[in-house]
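Participant: Got a structure for you, questions after.
The values are calculated or read from the model by the stated rules, or taken from the named source; none is laboratory data. Just so you know, these numbers come straight off a predicted model, no measurement behind them. Heads up, the Cβs are rebuilt from the backbone with ideal geometry, glycines too, and the neighbour counts pull from every protein chain shown.
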Amino acid sequence: MEQRELTCIECPRGCSLVVTMENGVAVDVKGNFCPRGKKYAEKEVVSPERVVTSTVRAKNGSMISVKTNKPVKKSHVFDVMDKIKVATCETPIKIGDIIIKNIDGDADLVATCNSD
Ligand code: SF4
């Protein structure tokens, strides 16, 4: 059996987790204060995912804060960032507007702020 140490990123408490693995899956999780940590650890050791947050330059020069509306595979984060770097958008923008549809699979890039 293999053990991995992780820090739960589901909330600011940042619990230190110890995951016991067998045949590539988590069979035990210790150190989690709540059930979300167990769920996070089980997913993280098999197929880690992240919500990507960044900014997109609007054509009027302002910066629009954005994020993916669902987590994307951690291995896709750099590809997503490359698409964000070259993206621009028209204003006005409202929170929740889609800036890039299907930026990764069925995940969209959405605005997390209102433009001027
Ligand atoms: S295990 Fe629960 S309390 Fe601990 S960091 Fe994760 S979400 Fe927060």
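Participant: Provide a single number: the residues in the range 1-16 that are part of a strand (DSSP E or B) and either over 20 Å from residue 71 (Cβ atoms) or among the hydrophobic types (A, V, I, L, M, F, W, C) (or both).
Facilitator: Residues of the range 1-16 that are part of a strand (DSSP E or B), as a first pass: 2-7, 16.
From what's left, either over 20 Å from residue 71 (Cβ atoms) or among the hydrophobic types (A, V, I, L, M, F, W, C) (or both): 2-3, 5-6, 16.
Residues in the range 1-16 being part of a strand (DSSP E or B) and either over 20 Å from residue 71 (Cβ atoms) or among the hydrophobic types (A, V, I, L, M, F, W, C) (or both): 5 in total.
Participant: Residues in the range 69-88 that are among the hydroxyl-bearing types (Ser, Thr, Tyr) and either farther than 23 Å from residue 44 by Cβ or in contact with a His (Cβ under 6 Å, 6 or more places away or on another chain) (or both): how many?
Facilitator: Applying the first criterion (among the hydroxyl-bearing types (Ser, Thr, Tyr)) to the range 69-88 yields 75, 88.
So of that shortlist, the ones also either farther than 23 Å from residue 44 by Cβ or in contact with a His (Cβ under 6 Å, 6 or more places away or on another chain) (or both) come out as 88.
Residues meeting the conditions: 1.
Participant: Right, next: Could you please let me know if residue 48 is closer than 17 Å to residue 103 by Cβ, within 16 Å of the ligand (Cβ to nearest atom) and surrounded by 14 or more Cβ atoms within 10 Å (Cβ to Cβ)?
Facilitator: When the stated conditions are applied, residue 48 does not pass them.
Residue-wise test of (1) part of a loop (DSSP other than H, G, I, E, B); (2) in contact with a strand residue (DSSP E or B) (Cβ under 9 Å, 6 or more places away or on another chain).
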position: 18; (1), (2): no, yes
position: 21; (1), (2): no, yes
position: 42; (1), (2): no, yes
position: 54; (1), (2): no, yes
position: 60; (1), (2): yes, no
position: 84; (1), (2): no, yes
position: 96; (1), (2): yes, yes
position: 101; (1), (2): no, yes
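Participant: Continuing with the same structure: Cβ contacts < 6 Å: first residue more than 12 Å from residue 55 (Cα to Cα) and in contact (Cβ under 8 Å) with a residue 12 or more places away in the chain, restricted to the range 95-116; second residue part of a strand (DSSP E or B) and not hydrophobic (A, V, I, L, M, F, W, C), any location; separation 6+ or different chain. Result?
Facilitator: From the range 95-116, the pairs are 98/108; 107/68; 108/101.
Participant: While we're on this one: Residue by residue through the range 23-34, note down the ones that are assigned to a loop (DSSP other than H, G, I, E, B), more than 7 Å from the ligand (Cβ to nearest atom) and either surrounded by 12 or more Cβ atoms within 10 Å (Cβ to Cβ) or among the hydrophobic types (A, V, I, L, M, F, W, C) (or both).
Facilitator: Of all residues in the range 23-34, those assigned to a loop (DSSP other than H, G, I, E, B) come to 23-24, 31-34.
Now drop any that are not more than 7 Å from the ligand (Cβ to nearest atom), which leaves 23-24, 31.
Result: 31, single match.
Participant: Within the range 5-13, identify whether any single residue is free of Cβ contacts under 8 Å to residues at least 40 places away in the same chain and more than 9 Å from the ligand (Cβ to nearest atom), and answer yes or no. It would help to see each step written out before you state the result.
Facilitator: Pass one, the range 5-13, residues free of Cβ contacts under 8 Å to residues at least 40 places away in the same chain: 5-13.
Next, from what is left, pick out any that are more than 9 Å from the ligand (Cβ to nearest atom): 5-6.
Yes.
Participant: Out of 73, 94, 59, which single residue is at pLDDT 95 or above and surrounded by fewer than 15 Cβ atoms within 10 Å (Cβ to Cβ)?
Facilitator: Numbers: 73 fails: surrounded by fewer than 15 Cβ atoms within 10 Å (Cβ to Cβ); 59 fails: at pLDDT 95 or above.
Every option except 94 fails the conditions.
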